[in-house]
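The values are calculated or read from the model by the stated rules, or taken from the named source; none is laboratory data. Computed from a predicted model, the values in this text were never measured in an experiment. Here the Cβ positions follow ideal geometry from the backbone for every residue, glycine too, while neighbour counts run over all protein chains shown. Protein only, heavy atoms only, side chains kept; ligands, DNA and RNA dropped before computing areas. Shrake-Rupley method; radii C 1.70, N 1.55, O 1.52, S 1.80 Å.
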Amino acid sequence: MKSLFKAFAVLTVLLLGYGFCQAMFIAPREATMGDVQRIFYYHLPSAWVAFLLFFVNFLASVWYLIRRSTGADALALASAEVGVSFCTIVLLTGPIWARPIWGIWWTWDARLTSTLVLWLIYVSYLVLRHYATGGQIPVLASTLGIFGFIDVPIVYMAIRWFRTQHPQPVIGGGEGSGLAPAMWVAVLWNLAAFAMLALMFVWVRYRQAIEEHALEEAHAQASLEAEEAQ
């Protein structure tokens, strides 16, 4: 298993390196925004990976409420942690891109605001999981994860439902909103790299969460046996 993980990690690093070359050197220079547009090749894949991870959290949370599965709970926690990390990248790269283009770091339009709300929901999820105590915490967190996922389609559709400063969608956004084929190549390579990176992080955190749960159960069992011995 360790050898497989090392091979997976090496492949991820190679993908990240090639994705960087695609984004910075191979993809054509955008005619209107210039080189600052190249941050898009990190901004968009980060958003898609975050959405995917929040969807995994949603499915794992539903499964936990149905079966009370330790594995489902661990997967929900791991996917939320990594999802928040990628959503943070989205919120950081967006203003860096916006400042030279819009002249401002942030505006409270529908896409940006709903993305911030999404980030806050899952940060709240993590605060609940890591700092609250009680046997019902996984149930409460699963419920929050399920309802929190409702914001994902809202974020995705915000620029279709509302008039915003955010650029039009690159898929199905109407005439003039698509990407050049060479730009799509850079997007897809970075998406593959970020997805591999996310999978690696989720796997590590999932294993750690399983081990933490087993350790907690062992401590609880030892405490129970000690009380019975007295």
Ignoring ligands, DNA and RNA, what accessible area per residue does the chain give at 1.4 Å, in Å²?
56 Å²
Rounded to one decimal in nm, the spacing of the 7 Å Cα→Cβ label points at Phe162 and Met33 is 2.0 nm
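Can you tell me which of 109-120, 23-34, 149-160 comes out highest on packing, and rank the rest after it, using the mean Cβ neighbours within 10 Å? Provide the component values of the computation, followed by the final result.
Numbers: 109-120: 18.9, 23-34: 12.9, 149-160: 17.1.
Packing proxy ranking, top to bottom: 109-120, 149-160, 23-34.
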0 to 90° range, to nearest 10: angle between helix 151-161 axis and the chain longest Cα axis:
20 degrees
At a threshold of 8 angstrom on Cα-Cα distance, excluding pairs fewer than six apart, so keeping six or more, what relative contact order does the chain reach in percent?
31 percent
Helix-only mean residue ellipticity at 222 nm for the chain, each DSSP H run of n ≥ 4 adding -39500 (n - 2.57), per residue, nearest 500
-27000 deg cm²/dmol
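What does the highest-first list of 141-147, 78-84, 41-47 look like by mean Cβ count within 10 Å?
Details: 141-147: 20.4, 78-84: 25.1, 41-47: 22.3.
So the order, starting with the most tightly packed, is 78-84, 41-47, 141-147.
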Working from Cα positions, state the angle (0 to 90°, nearest 10) between the long axis of helix 2-21 and the longest principal axis of the chain.
20 degrees
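Could you work out the relative contact order of the range 1-84? I mean the mean sequence separation of Cα pairs under 8 Å and 6+ apart, divided by the number of residues, in percent. The partial results should precede the final answer.
Numbers: 42 pairs, mean separation 18.6, N = 84.
Rounded, it is 22 percent for the range 1-84.
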Residues other than Asp35 with Cβ under 15 Å of its Cβ, Lys/Arg counted +1 and Asp/Glu -1, net out at +2
About the Cα centre, charge dipole magnitude for the chain (Lys/Arg +1, Asp/Glu -1 at Cβ), debye:
820 debye
Counting residues in the range 79-172 as N, plug N into 2.2 N^0.38 Å and put the Cα Rg over that result.
1.24
Calculate how steeply helix 70-102 sits against the longest principal axis of the alpha-carbon atoms of the chain, using the helix alpha-carbon long axis, and give the answer as 0 to 90 degrees to the nearest 10.
30 degrees
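With only alpha-carbon atoms in the gyration tensor, what are the semi-axes of the equivalent ellipsoid for the chain, in Å, largest first?
Numbers: eigenvalues 296, 93, 35 Å².
Three semi-axes, in Å: 38, 22, 13.
Between Leu59 and Thr133, what length in nm is gained on full extension when 0.36 nm per residue of separation is reduced by their alpha carbon distance? Walk me through the intermediate numbers first.
Numbers: separation 74, 0.36 × 74 = 26.64 nm, distance 2.36 nm.
Stretched out fully, the Leu59 to Thr133 stretch lengthens by 24.3 nm.
In the neighborhood of Gly94, defined by Cβ-to-Cβ distances under 13 Å, what is the net charge if each Lys or Arg adds +1 and each Asp or Glu adds -1? Each step should come with its number before you reach the end.
Values: positive: Arg99, Arg111; negative: Asp109.
Every neighbour counted, the sum reads +1.
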